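Down below is the structure, laid out as structure tokens.
The values are calculated or read from the model by the stated rules, or taken from the named source; none is laboratory data. A quick note: this is a predicted structure, and the numbers were derived from the prediction, not measured. Here the Cβ positions follow ideal geometry from the backbone for every residue, glycine too, while neighbour counts run over all protein chains shown. We work out accessible area using only protein heavy atoms, side chains counted, and drop any ligands, DNA or RNA first. Shrake-Rupley method; radii C 1.70, N 1.55, O 1.52, S 1.80 Å.
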Amino acid sequence: MSDSQSLGKLLASAQQILGKAGITNAAQEARWLLASALEMKPHELASQSEQPVRDERLARVLSVVRRRESREPLQYILGSQEFCGLDFSVTPAVLIPRPETELLIQEALREGGFGEGAVLVDIGTGSGCVAVTLATILSGMRIFALDCAHDALSVARGNAERHGVRDKIIWLQGDLLSPLREYAVAGAVDAIISNPPYIAEAEWAGLQPEVRDYEPQHALLAGPQGIEFHERLIHDSKEFLVPGGLLVMELGQGQAPLVRRMAEEVGGYTGLQTVKDEAGIERVLIARRACEGPAHG
Ligand code: GLN
């Protein structure tokens, strides 16, 4: 890429660079990146392909193409990701929302039947995609969004603001459910919803570079097994859920039988079920706090 180029040629070389870097969707991504760097709509690129691009505009294009070439996720470069029809700002402080996480929302709403004043808790809110989406759909609820990372909570708050629900959510920083202990919600929570970290240590090296090298490790990596956070959530949620209250957790591929067995062994839950995503993977586990159970109390 030289000092001045036509938009069309620039687009073609960006596509070639991204393709060589192993990006499968190179043509599409090149269009999105150029449009974003030049503040144009992607469909405007074709009609202006003879236009020269130089100086600062060219430098902006080269910068975003180089970032993507080094496999930085497209969403961090563009600064956003769509989730449940809403646009979420994302930075490297937060996990990029995934389409399969929409199932978590769907299932919580399907199972929930939440009445006025219900208490909902999103553990590991990250970008805030779960809590913010729920807050835009439900009203009259008390929604808590928790995360261990201060930077993530700032991004999540910004997203809530953007979608007009900032005041509908109580933001708390700390380890898993522990910040809730300062609120009188023990035995009174109607639903605990979480997309916890669920990558096992042995899987780490094999992840796509976009994920492994750029997304926050603490949002992804669970420990040797991959189900360490599910285990803690199963144990700790019992203190907070009202009898009949829901625990809804996202799962990694192949984890459903293990997590289900864990919940059975820990006890205190009924109605255990898993829900498959569009790829046929058991993606969500739903459990209800039992009214009475072996480990109740
Ligand atoms: N709740 C956020 C999401 O589902 C972040 C989850 C996480 O960081 N593990 O995208």
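In the stretch 1-70, the alpha-carbon atoms span a convex hull of 66 Å³ per residue.
Under 5 Å between amide hydrogens, built in the peptide plane, is the criterion, and for LEU207 it picks out nothing among residues at least 5 positions away or on other chains.
Annotation: aspartates and glutamates with alpha-carbon distance below 19 angstrom to LYS9 (same-chain offsets under eight excluded): GLU29, GLU39, GLU44, GLU50, ASP55, GLU56, GLU69. For PRO99, the shell of other residues with beta-carbons less than 13 Å away shows a net charge of -4, using +1 for Lys and Arg and -1 for Asp and Glu.
Considering only ILE286, ILE123, ILE137, give the residue with the highest GNM mean-square fluctuation for the chain, with springs between Cα atoms whenever their separation is below 10 Å. Result: ILE137 has the largest fluctuation of those listed.
Could you size up the charge dipole of the chain around its Cα centre, putting +1 on the beta carbon of Lys and Arg and -1 on that of Asp and Glu, and report it in debye to the nearest 20?
With only Lys, Arg, Asp and Glu charged at Cβ, the dipole is about 480 debye.
Other residues within the sphere of radius under 13 Å centred on the Cβ of ARG181, judged by their own Cβ, net out at -4 (K and R +1, D and E -1).
Expressed as a whole percent, the accessible surface of the chain that belongs to carbon and sulfur atoms is 47, based on a 1.4 Å probe. With θ taken as phi - 60° and the Karplus curve 6.51 cos²θ - 1.76 cosθ + 1.60 applied, the whole-hertz 3J(HN,Hα) list for the stretch 117-124 is x, 4, 10, 10, 10, 9, 9, x Hz, x standing for glycine and proline.
Taken over the stretch 14-111, the convex hull of the Cα atoms encloses 116 Å³ per residue. Its Cα centre serving as origin, the stretch 29-176 has a Cβ charge dipole (Lys and Arg +1, Asp and Glu -1) of approximately 320 debye.
Show that you can apply the helix-only estimate: for the chain, add -39,500 (n - 2.57) for every DSSP H stretch of four or more residues, divide by all residues, and state [θ] at 222 nm to the nearest 500. Don't skip to the answer; put the middle values down first.
On the way: 12 runs with 117 residues, N = 297.
About -11500 deg cm²/dmol.
Cβ under 15 Å from GLN75's Cβ, GLN75 left aside: what net charge do those residues give with Lys, Arg +1 and Asp, Glu -1?
Around GLN75, the charge tally is -3.
For the chain, what value does the Rg/Rh ratio take when both radii are computed over Cα atoms and Rh is the Kirkwood radius, given to two decimals?
With Rg and the Kirkwood Rh in hand, the quotient comes to 1.05.
Give the shape of the stretch 29-174 as rounded, prolate or oblate, defined through the alpha-carbon gyration tensor: a ≥ b ≥ c are the square roots of its eigenvalues, a/c under 1.5 means rounded, and otherwise the shape is prolate if a/b is larger than b/c and oblate if not. Verdict is prolate for the stretch 29-174. Let a ≥ b ≥ c be the square roots of the eigenvalues of the Cα gyration tensor of the stretch 30-71; is it rounded (a/c under 1.5), or, if not, prolate (a/b larger than b/c) or oblate? Judged from the Cα gyration tensor, the stretch 30-71 comes out oblate (a/c at least 1.5, b/c at or above a/b). Taking VAL189, VAL275, VAL94 as the candidate residues, the one with maximal mean-square fluctuation in a Gaussian network model of the chain, Cα springs under 10 Å, is VAL275. For a test of the definition: using alpha carbon positions, the gyration tensor, and the 1.5 limit on a/c, classify the stretch 149-297 as rounded, prolate or oblate. Oblate, since a/c reaches 1.5 and b/c is not below a/b.
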